[in-house]
Amino acid sequence: MNTIYEKVDPLYPDMKVIEKAGEIIKSGGLVAFPTETVYGLGGNALDESASAKIYEAKGRPSDNPLIVHIAGFEDIYKIAEDVPEEAKVLAKMFWPGPLTMILKKSPSVPKRTTGGLDTVAVRFPSHPVAQKFIAAAGGYIAAPSANISGRPSPTNGSHVLSDMNGRIDMIIDAGPCDIGLESTIIDLTVRPCMMLRPGYVNEKMLRDALGDIAKDEAVFGNSSAAPKAPGMKYRHYAPKGELTIVSGNNDAVVSYITGRITDNPEGLRTGVLSSSGNIGRYPSADLVVDIGDADNEDLIAKRLYDTLRKCDEMNIDRIYSEEFDTPSLGLAIMNRLIKAAGHNIINV
Ligand code: AMP
Ligand code: MG
């Protein structure tokens with residue numbers, strides 16, 4: 001398949017490009033588009049054959065449901081039933097923005113879109129290009145992240161191009177995503193409402209909005225039960241190289257990583273995900289990626305997936321990462337990093 005690739009201005013996109021993308025969706029095709037979290041791989045959420053194509057293009061397991069993206073709060077009533085008061089409270093505080101709500105699905109949403117579930121995930125993104133595209137496409141866009149299943153989520157147009165070229169009809173490239181981590185997910189079909197995936201909207205913000213909330217212990221605690229968001233059970237976000245997270249006091253971490261890089265009899269290619277303050281301290285690594293200042297959590301989140309992809313591009317066999325346990329985004333950042341590492345963490 002020939003993939004149309006268009007660059008647009010993130011704030012003032014060429015409306016001819018947006019209209020063309022809308023037409024592609026209306027005729028059953030797939031378009032990758034930017035959001036403030038990561039790039040999405042969109043199809044018409046109300047058309048089960050479009051959803052089927054999304055699973056195929058990504059190589060995504062069919063029990064892993066898609067998020068339906070809308071371009072206005074009122075559109076929630078077309079795809080969800082029994083919308084509770086909490087949805088309005090959260091929408092007022094966080095929409096448009098990086099929060100996904102799980103609601104009871106309406107009959108207009110095919111089960112192919114919801115991975116067989118009776119619930120539907122809904123989000124109203126804030127990215128201007130996403131909003132214009134969703135509206136031009138009829139208002140209901142099913143979209144998972146626009147990566148091949150298992151690879152790090154795409155946070156700029158070139159990531160999408162490298163995963164999706166030839167697999168989908170069109171890619172809209174509006175440059176890097178602002179946030180760089182997938183949306184927070186909260187389930188509003190249970191009481192107390194339950195946080196299923198950490199993201200930019202953190203636990204404290206949700207508590208301030210709703211009062212008491214629960215958290216899925218399979219994701220936030222030590223329960224070995226299956227996560228309630230089916231996608232959270234897969235080893236996700238992973239680079240090709242073997243990733244190890246090293247946790248502990250800064251000097252001990254640097255010295256442990258340096259030791260591992262130096263002790264490399266097989267001559268493997270090594271890389272380090274380093275905070276800015278440490279980048280000069282790993283001279284023998286083949287690649288040192290600067291993820292940002294240790295206390296600049298917005299920047300670390302924004303760069304995380306790009307740094308993992310950079311390690312792939314440079315054919316790094318062994319990747320060592322410092323720990324980035326920052327106050328408000330640390331949980332979301334480390335949730336992704338720990339999954340990327342397949343829970344391979346060393347405490348020093
Ligand atoms: P992605 O768009 O790639 O970030 O994946 C969407 C995430 O939302 C996956 O982890 C899904 O399992 C989760 N999700 C989508 N719909 C539902 C639903 N109805 N109930 C629970 N989790 C959902
Ligand atoms: Mg994804």
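The values are calculated or read from the model by the stated rules, or taken from the named source; none is laboratory data. Given the structure is predicted, the values throughout are model-derived calculations rather than measurements. FYI the Cβ positions are ideal-geometry reconstructions off the backbone, even for glycines, and counts take in every protein chain you see. Protein only, heavy atoms only, side chains kept; ligands, DNA and RNA dropped before computing areas. Shrake-Rupley method; radii C 1.70, N 1.55, O 1.52, S 1.80 Å.
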For residue 181: the one exception among (1) within 14 Å of ligand 1 (Cβ to nearest atom); (2) part of a loop (DSSP other than H, G, I, E, B); (3) closer than 21 Å to residue 125 by Cα; (4) in contact with an Asp or Glu (Cβ under 7 Å, 6 or more places away or on another chain):
(4)
Conditions (1) assigned to a loop (DSSP other than H, G, I, E, B); (2) crowded, with 21+ Cβ neighbours inside 10 Å -> residue 133 fails only (1)
Scan region 128-161 for residues that are away from ligand 2 (no atom under 16 Å from the Cβ) and among the polar types (S, T, N, Q) and jot them down.
131, 158
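Table: residues versus (1) free of Cβ contacts under 8 Å to residues at least 40 places away in the same chain; (2) out of contact with any helix residue (DSSP H, G or I) (no Cβ under 8 Å at 6 or more places or on another chain); (3) open to solvent by 30 Å² or more (accessible area, probe 1.4 Å); (4) within 16 Å of ligand 2 (Cβ to nearest atom).
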site	(1), (2), (3), (4)
282	yes, no, no, no
287	yes, no, no, no
290	yes, no, yes, no
300	yes, no, no, no
305	no, no, no, yes
309	no, no, no, yes
324	no, no, no, no
Name the residues in region 60-89 that are within 16 Å of ligand 1 (Cβ to nearest atom), of a type in the set (A, V, I, L, M) and either open to solvent by less than 20 Å² (accessible area, probe 1.4 Å) or farther than 19 Å from residue 193 by Cα (or both), would you?
66, 68, 70, 76, 79, 80, 87
Contacts under 9 angstrom Cβ, first residue in region 189-204 being acidic (Asp, Glu) and at pLDDT 95 or above, partner open to solvent by less than 50 Å² (accessible area, probe 1.4 Å) and in a loop (DSSP other than H, G, I, E, B), 6 or more apart
203/213
Please specify each residue of region 1-37 satisfying the condition of being aliphatic (A, V, I, L, M) and not in a loop (DSSP other than H, G, I, E, B).
4, 15, 17, 18, 21, 24, 25, 31, 32
So residue 125 passes all but one of these: (1) part of a loop (DSSP other than H, G, I, E, B); (2) closer than 23 Å to residue 179 by Cβ; (3) open to solvent by 10 Å² or more (accessible area, probe 1.4 Å); (4) within 16 Å of ligand 2 (Cβ to nearest atom). Which condition number does it fail?
(3)
Residues located in region 38-59, provided they are part of a loop (DSSP other than H, G, I, E, B) and either near ligand 1 (Cβ under 9 Å from one of its atoms) or within 15 Å of residue 122 (Cα to Cα) (or both)
38, 45, 46
Identify all residues within region 178-211 that are in contact with a Gly (Cβ under 9 Å, 6 or more places away or on another chain), open to solvent by 20 Å² or more (accessible area, probe 1.4 Å) and of a type in the set (A, V, I, L, M, F, W, C); write none if there are none.
179
Would you confirm whether or not region 163-177 contains a residue that is in a loop (DSSP other than H, G, I, E, B), surrounded by fewer than 24 Cβ atoms within 10 Å (Cβ to Cβ) and free of Cβ contacts under 8 Å to residues at least 12 places away in the same chain?
no
For region 217-226, does any single residue satisfy the condition of being touching a residue at least 60 places away in the same chain (Cβ under 8 Å) and within 16 Å of ligand 2 (Cβ to nearest atom)?
yes
Every residue from region 217-231 that is touching a helix residue (DSSP H, G or I) at 6+ places or on another chain (Cβ under 8 Å) and either open to solvent by less than 40 Å² (accessible area, probe 1.4 Å) or not hydrophobic (A, V, I, L, M, F, W, C) (or both):
218, 219, 223, 224, 227, 228, 229
Starting from region 112-134, take each residue that is without any contact (Cβ under 8 Å) to a residue 12 or more places away in the chain and within 12 Å of ligand 1 (Cβ to nearest atom) and list its partners that are open to solvent by 10 Å² or more (accessible area, probe 1.4 Å) and part of a strand (DSSP E or B), counting only C-beta distances under 8 angstrom and pairs at least six apart or across chains.
none
